[in-house]
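Asker: What follows is a single structure, and I will ask about it in a moment.
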Amino acid sequence: MARIVMKFGGTSMAGMDRIRNVAARVKHVVDQGNEVAVVVSAMAGETNRLVAFCEDASPLYDPAEYDVVVAAGEQITSGLLAMTLKAMGVNARSWLGWQLPIKTLEAHAKARVESIETDALDAAMKSGQVAVIPGFQGMMADGRIATLGRGGSDTSAVAVAAAVKADRCDIYTDVDGVYTTDPRIVARAKKLDMVTYEEMLELASVGSKVLQTRSVALAMKEKVRVQVLSSFDDPTQDELPGTLIVSEEETEAKLSKDSNVERQLITGIAHDKNEAKIIVTRVPDKPGAIASVFGPLAEASINVDMIIQNVGHEAAETDVTFTVPGADLARSLDILASRKDAIGYTNLISDSKVAKISVVGVGMKSHAGVAADMFKTLGERGINIQAVATSEIKVSVLIHEDETELAVRVLHTAYGLDAEQPAA
């Protein structure tokens with residue numbers, strides 16, 4: 001017997017037929033003798049519909065009231081799934097975020113899970129009852145409902161799994177695992193059997209849409225074993241052909257056990273078109289000048305990614321280039337414009353027609369030349385690199401968005417990630 005948290009996304013819950021399919025899958029896992037908690041998202045498109053209502057009511061809506069509205073989607077699906085499970089003879093009940101409670105902190109609409117009180121939940125699971133929990137929501141210290149930001153149900157599921165010490169957190173989506181890149185761009189992309197937390201965190205942060213970045217970071221911190229699966233496979237199958245996300249130690253143990261498997265240098269290639277580039281020209285080249293550029297952006301909770309400071313001009317001035325999320329471009333420009341005199345720059349130049357391409361792999365730690373191969377491959381296809389950022393297991397470049405698909409394809413081939421074509 002195992003303790004399993006199962007999470008189902010919006011496409012899995014999109015209508016009663018899909019909810020019945022989810023219920024059948026949950027019943028199958030329960031019938032195997034497992035203790036189960038289920039975390040659900042709102043029906044596909046429902047959160048967007050509720051957000052539109054909020055924006056129509058007031059463009060400058062109160063985030064606390066926004067949370068009251070948008071949290072309703074998950075409340076509906078949790079109740080419907082619990083009803084459906086009961087109709088199938090499964091002992092189940094819904095637990096809303098404030099009933100456990102799931103305690104959150106920081107700001108409304110982007111709250112963070114602080115703790116989950118598990119006494120009632122633990123007792124329910126031990127008694128054989130399936131706990132159905134709405135994702136994406138929790139409760140602030142003042143008792144008001146809060147939401148975790150878009151994609152927050154993944155984080156809810158991992159947080160619940162950590163709190164109840166689950167053996168595994170199964171996240172069901174509309175894809176059957178994590179691929180070496182987007183299969184819609186590269187038909188020969190391969191599904192990965194196992195990915196480390198570090199690799200998945202990098203892939204999620206640079207554009208892979210399979211899991212929310214915060215959920216991966218939490219899984220890594222709490223050592224929660226996560227499995228990504230398709231909710232559209234046969235709900236009664238025992239084999240789970242998804243992708244397991246685990247520690248590097250567990251991955252290495254499997255590789256050493258199977259002598260026929262060699263670690264891939266590059267695990268995956270991600271792309272993100274939701275980027276924008278800003279160039280701040282002729283900034284005074286003196287201590288504190290760069291802080292005056294990025295300090296106001298940080299105060300506005302705008303995440304800055306790639307940063308390049310050019311060599312200073314003769315007049316003790318320098319240009320600073322960086323990227324921000326595309327949705328934050330207008331706000332970033334407005335903030336910098338309002339601080340022009342304090343910063344002392346000359347002009348702001350922006351470009352929203354850019355994309356970030358990233359190659360990710362733990363294998364980079366022990367292999368040199370990954371970045372050089374990337375630059376050479378792109379250069380041979382005439383793709384200009386506008387900016388570069390690196391970490392221990394990632395190299396990212398900024399290019400024109402029109403060249404995104406070409407860049408992903410040529411890099412996927414260059415790093416030997418293409419799946420072999422079946423023999424004719």
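Asker: Give me the percent of DSSP beta bridges within the chain that run antiparallel, rounded to the nearest 5. Write down the numbers at each step before the final one.
Answerer: Working: 44 of 71 bridges.
About 60 percent, rounded to the nearest 5.
Asker: Okay, moving on. Enter the per residue convex hull volume of the stretch 327-383, computed from alpha-carbon coordinates, in Å³ rounded to the nearest integer. Before the final figure, lay out each step's value.
Answerer: Working: hull volume 9.5 nm³, N = 57.
Once divided by residue count, the hull of the stretch 327-383 is 166 Å³.
Asker: Need the full-extension length gain, Lys273 to Ala72, defined as separation in residues times 0.36 nm minus the C-alpha distance. One decimal, nm.
Answerer: On the way: separation 201, 0.36 × 201 = 72.36 nm, distance 3.04 nm.
Between Lys273 and Ala72, full extension yields an extra 69.3 nm.
Asker: How would the chain be classified by its alpha-carbon gyration tensor: rounded, prolate or oblate, with rounded meaning a/c under 1.5 and the a/b versus b/c comparison settling the rest? Let's see the in-between values first.
Answerer: Numbers: a/c = 2.18, a/b = 1.34, b/c = 1.63.
Taking the square roots of the gyration eigenvalues as a ≥ b ≥ c, the chain is oblate.
Asker: For Ala253 and Lys365, calculate 0.36 nm times their separation in residues minus their Cα-Cα distance, and state this gained length in nm to one decimal. List each step's numbers first, then the result.
Answerer: Working: separation 112, 0.36 × 112 = 40.32 nm, distance 1.73 nm.
Between Ala253 and Lys365, full extension yields 38.6 nm more.
Asker: How big is the Cα convex hull of the stretch 125-197 in projection, averaged over all directions, in nm²? Numbers along the way, then the final one.
Answerer: Details: hull surface 29.4 nm².
It is 7.3 nm².
Asker: Mind scanning Lys191/Lys273; Lys27/Lys86; Lys277/Lys353 and naming the pairs with a C-alpha gap bigger than 18 Å? The partial results should precede the final answer.
Answerer: Working: Lys191/Lys273 23 Å; Lys27/Lys86 10 Å; Lys277/Lys353 8 Å.
Beyond 18 Å: Lys191/Lys273.
Asker: Quick one: accessible area per residue over the stretch 268-424, 1.4 Å probe, rounded to a whole number of Å²? Intermediate values should be presented prior to the final figure.
Answerer: Values: 7690 Å² over 157 residues.
Here the residues of the stretch 268-424 average 49 Å² of exposed surface.
Asker: Collect residues whose amide H, placed 1.01 Å from N in the peptide plane, falls under 5 Å from the amide H of Gln227; neighbours closer than 5 in sequence don't count.
Answerer: Residues meeting the criterion, in which the H sits 1.01 Å from N, are Cys169, Asp170, Ile171, Ile245.
Asker: Follow-up question, since we're still on this one. Could you go through the stretch 7-12 in sequence order and give the Karplus-derived ³J(HN,Hα) for each residue, using 6.51 cos²θ - 1.76 cosθ + 1.60 with θ = phi - 60°, rounded to whole Hz, and x for Gly and Pro?
Answerer: After applying 6.51 cos²θ - 1.76 cosθ + 1.60, I find 10, 10, x, x, 5, 6 Hz.
Asker: Roughly what would the spin-label model give for Glu55 and Ser338, points 7 Å off Cα along C-beta, in nm?
Answerer: Roughly 2.1 nm, to one decimal.
Asker: At a 1.4 Å probe radius, which order do His367, His271, His412 fall into by accessible area, largest first? Walk me through the numbers on the way to the answer.
Answerer: Values: His367 105, His271 40, His412 0 Å².
Greatest to least solvent exposure: His367, His271, His412.
Asker: Ok, one more. So which of Lys221/Lys254; Lys7/Lys165; Lys7/Lys394 end up more than 24 Å apart, counting from Cα to Cα? Don't jump to the answer; show the numbers that get you there.
Answerer: Numbers: Lys221/Lys254 21 Å; Lys7/Lys165 15 Å; Lys7/Lys394 28 Å.
Beyond 24 Å: Lys7/Lys394.
Asker: Per DSSP helix of 4 or more residues, -39500 (n - 2.57); summed, then divided by the residues of the chain. What does that give at 222 nm, rounded to the nearest 500? Show your work: numbers first, answer last.
Answerer: Details: 14 runs with 148 residues, N = 424.
Mean residue ellipticity at 222 nm (helix-derived): -10500 deg cm²/dmol.
Asker: Using only C-alpha positions, report the orientation-averaged shadow area of the convex hull of the stretch 337-424, nm², one decimal.
Answerer: On the way: hull surface 35.7 nm².
One quarter of the hull surface, i.e. the mean projection, equals 8.9 nm².
Asker: 7 Å from Cα along Cα→Cβ at both Ser391 and Ser230: what's the point-to-point distance in nm?
Answerer: 2.9 nm
Asker: For Met194, what accessible area in Å² do you get when you roll a 1.4 Å probe over the heavy atoms of the protein chains, rounding to the nearest 10?
Answerer: It works out to around 40 Å².
Asker: Counting C-alpha atoms alone, how compact is the stretch 1-103: give Rg to one decimal and Dmax as a whole number, in angstrom.
Answerer: So, for the stretch 1-103, Rg and Dmax equal 15.4, 50 Å respectively.
Asker: Moving to a separate point now. Given a Förster radius of 45 Å and the C-beta distance between Leu348 and Asn48 as r, what FRET efficiency does 1/(1 + (r/R0)^6) yield to the nearest 0.05?
Answerer: 0.90
Asker: Please give the length that would be gained between Arg381 and Ala300 if that part of the chain were fully extended, namely 0.36 nm times their separation in residues minus their C-alpha to C-alpha distance (nm, one decimal). Show your work: numbers first, answer last.
Answerer: Values: separation 81, 0.36 × 81 = 29.16 nm, distance 3.87 nm.
Residue separation times 0.36 nm, minus the Cα-Cα distance, leaves 25.3 nm.
Asker: Then there is this: Roughly how many percent of the accessible protein surface of the chain is carbon and sulfur, given a 1.4 Å probe and a whole-percent answer?
Answerer: Whole-percent figure for carbon plus sulfur exposure: 50.
The values are calculated or read from the model by the stated rules, or taken from the named source; none is laboratory data. All values reported here derive from a predicted model rather than from experimental measurement. Methodologically, a virtual Cβ is constructed for each residue, glycine included, from the backbone with ideal geometry; neighbour enumeration extends over all protein chains shown. Side chains included, ligands, DNA and RNA excluded: accessible areas come from the protein's heavy atoms. Shrake-Rupley method; radii C 1.70, N 1.55, O 1.52, S 1.80 Å.
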